[in-house]
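> Got a structure here, written out as structure tokens. Questions coming.
The values are calculated or read from the model by the stated rules, or taken from the named source; none is laboratory data. Remember, it's a predicted structure, so these values are computed and weren't measured experimentally. Using ideal geometry, Cβ is built from the backbone for each residue, glycine included, and neighbour counts are taken over all protein chains shown.
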Amino acid sequence: MDLTVLYRGPLVSCDYDCPYCPFAKRRDAPEQLRADRAALERFTAWATAAGEVGDTLSVLFTPWGEGLVRSWYRRALVELSRLPHVRRVAIQTNLSCRTDWLADADPATVALWVTYHPGQVRYERFLAKCRELSALGVRYSVGVVGEPGHLAAARRLRADLPADVYLWINAADGRTYDDTEAADWTALDPHFGYSRHPHPSGGQPCRTGESVISVDGDGTVRRCHFVRPPLGNLYDGSYRGELRARVCPLPVCDCHIGYVHLETLPLYDLFAGGILERIPHP
């Protein structure tokens, strides 16, 4: 089996205070952190053993909080990147962590999906960390939420990032963009159009539930983060018999980690080789 897994454990704590995020500045109690660590280590053990039955994996960590400030997420990325049956291992991050640990990872396999949050970090500090990633040879994309107040910072970032680093723009939740506003963001991200409007998905074929699954900390397997009925459990293997081609049961899909898998969109061609880390094919 060649499977793409989106893993989201119980971690919700974040070191940033973004006004558009419901998980800003949350703190996990020590017992919650221990539970998250145990869940991630269990998942890593499963992913390691998957090679013994001939499976190949691609893994994207999508924590509600910031994972890379926790040692167990850094360790998981390093360990999984070195497994021959893991095609890609990536994580969504604000890049507030140090970067030196990535020197121990396989740069051909590890990747980062980075979000820049103006107002939460000094611009020079963030840009320096991006340059550290480039020096380490780590694959990464960088993105900004398309709030009007972020436009100047996004333009500055596009000018300062290496030309081969993709800068993506996420449409802000609940915001509509007139053509002039959309043109400003499209000048920075030529693929902003895919984020600008929710995609009609009801009844449309989607790879989730067949070659793509979502996994919670307790091992519950679902089609994706947005379709809640479970398919089984990762650790008892009950999900495997439920994998098959399906259409989406929701009327629209407005999140990149969901609609990128819709077969009605050309995004598997656009992001070929970089689906998980959101890097277009050159």
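> Looking at the stretch 91-145, which of its residues are of a type in the set (Ser, Thr, Tyr) and under 17 Å from the mean Cα position of the chain (by Cα)?
Applying the first criterion (of a type in the set (Ser, Thr, Tyr)) to the stretch 91-145 yields 93, 96, 99, 109, 115-116, 123, 134, 140-141.
Thr93, Ser96, Thr109, Thr115, Tyr116, Tyr140, Ser141, listed by residue number.
> Being charged (D, E, K, R) and touching a Phe, Trp or Tyr at 6+ places or on another chain (Cβ under 9 Å) is true for just one of Arg75, Arg88. Which residue is that?
Details: Arg88 fails: touching a Phe, Trp or Tyr at 6+ places or on another chain (Cβ under 9 Å).
Just one listed residue meets the conditions, Arg75.
> May I pose another question? Pick from Arg26, Arg34, Arg88, Arg74: which is at pLDDT 95 or above and either over 17 Å from the mean Cα position of the chain (by Cα) or over 14 Å from Leu112 (Cα atoms) (or both)?
Details: Arg26 fails: at pLDDT 95 or above; Arg88 fails: either over 17 Å from the mean Cα position of the chain (by Cα) or over 14 Å from Leu112 (Cα atoms) (or both); Arg74 fails: either over 17 Å from the mean Cα position of the chain (by Cα) or over 14 Å from Leu112 (Cα atoms) (or both).
Residue meeting the stated conditions: Arg34.
> Related question: Are there strands (runs of 3 or more DSSP E) fully within the stretch 209-282 with at least 2 residues that are more than 25 Å from Gly143 (Cα to Cα), basic (Lys, Arg) and under 17 Å from the mean Cα position of the chain (by Cα)? List them.
Numbers: elements: 212-216, 220-224, 227-233.
Those strands (runs of 3 or more DSSP E) span 220-224.
> Go through Asp104, Asp36 for me and flag whichever is surrounded by 21 or more Cβ atoms within 10 Å (Cβ to Cβ), touching a residue at least 24 places away in the same chain (Cβ under 8 Å) and of a type in the set (Asp, Glu). Walk me through it before giving the result.
Working: Asp104 fails: surrounded by 21 or more Cβ atoms within 10 Å (Cβ to Cβ).
The unique qualifying residue is Asp36.
> Which condition number does Ser211 fail, the rest of (1) surrounded by 15 or more Cβ atoms within 10 Å (Cβ to Cβ); (2) in contact with a Ser or Thr (Cβ under 9 Å, 6 or more places away or on another chain); (3) under 27 Å from Leu11 (Cα atoms); (4) touching a residue at least 40 places away in the same chain (Cβ under 8 Å) being met?
Status for Ser211: all satisfied but (1).
> Among the candidates Ala47, Ala90, Ala76, single out the residue that is touching an Asp or Glu at 6+ places or on another chain (Cβ under 7 Å), of a type in the set (A, V, I, L, M) and within 20 Å of Asp216 (Cβ to Cβ). Break it down into steps so the answer makes sense when it comes.
On the way: Ala47 fails: touching an Asp or Glu at 6+ places or on another chain (Cβ under 7 Å); Ala76 fails: touching an Asp or Glu at 6+ places or on another chain (Cβ under 7 Å).
Result of the check over Ala47, Ala90, Ala76: Ala90.
> Further question on the same structure: Any residue that is among the hydrophobic types (A, V, I, L, M, F, W, C), in contact with a Leu (Cβ under 7 Å, 6 or more places away or on another chain), under 19 Å from Ser211 (Cβ atoms) and assigned to a helix (DSSP H, G or I) - is there at least one of those in the stretch 51-69?
Checked the stretch 51-69: no residue is among the hydrophobic types (A, V, I, L, M, F, W, C), in contact with a Leu (Cβ under 7 Å, 6 or more places away or on another chain), under 19 Å from Ser211 (Cβ atoms) and assigned to a helix (DSSP H, G or I).
> Another one. Within the bounds of the stretch 188-206, is there any residue that is surrounded by fewer than 16 Cβ atoms within 10 Å (Cβ to Cβ), out of contact with any strand residue (DSSP E or B) (no Cβ under 8 Å at 6 or more places or on another chain) and either at pLDDT below 95 or over 30 Å from His150 (Cα atoms) (or both)? Break it down stepwise before answering.
Of the stretch 188-206, the ones surrounded by fewer than 16 Cβ atoms within 10 Å (Cβ to Cβ) are 190, 193, 197-198, 200, 202-203, 205.
Now restrict to residues that are out of contact with any strand residue (DSSP E or B) (no Cβ under 8 Å at 6 or more places or on another chain): 190, 193, 197.
Imposing the further condition that a residue be either at pLDDT below 95 or over 30 Å from His150 (Cα atoms) (or both) reduces the set to none.
Checking the stretch 188-206: not a single residue is surrounded by fewer than 16 Cβ atoms within 10 Å (Cβ to Cβ), out of contact with any strand residue (DSSP E or B) (no Cβ under 8 Å at 6 or more places or on another chain) and either at pLDDT below 95 or over 30 Å from His150 (Cα atoms) (or both).
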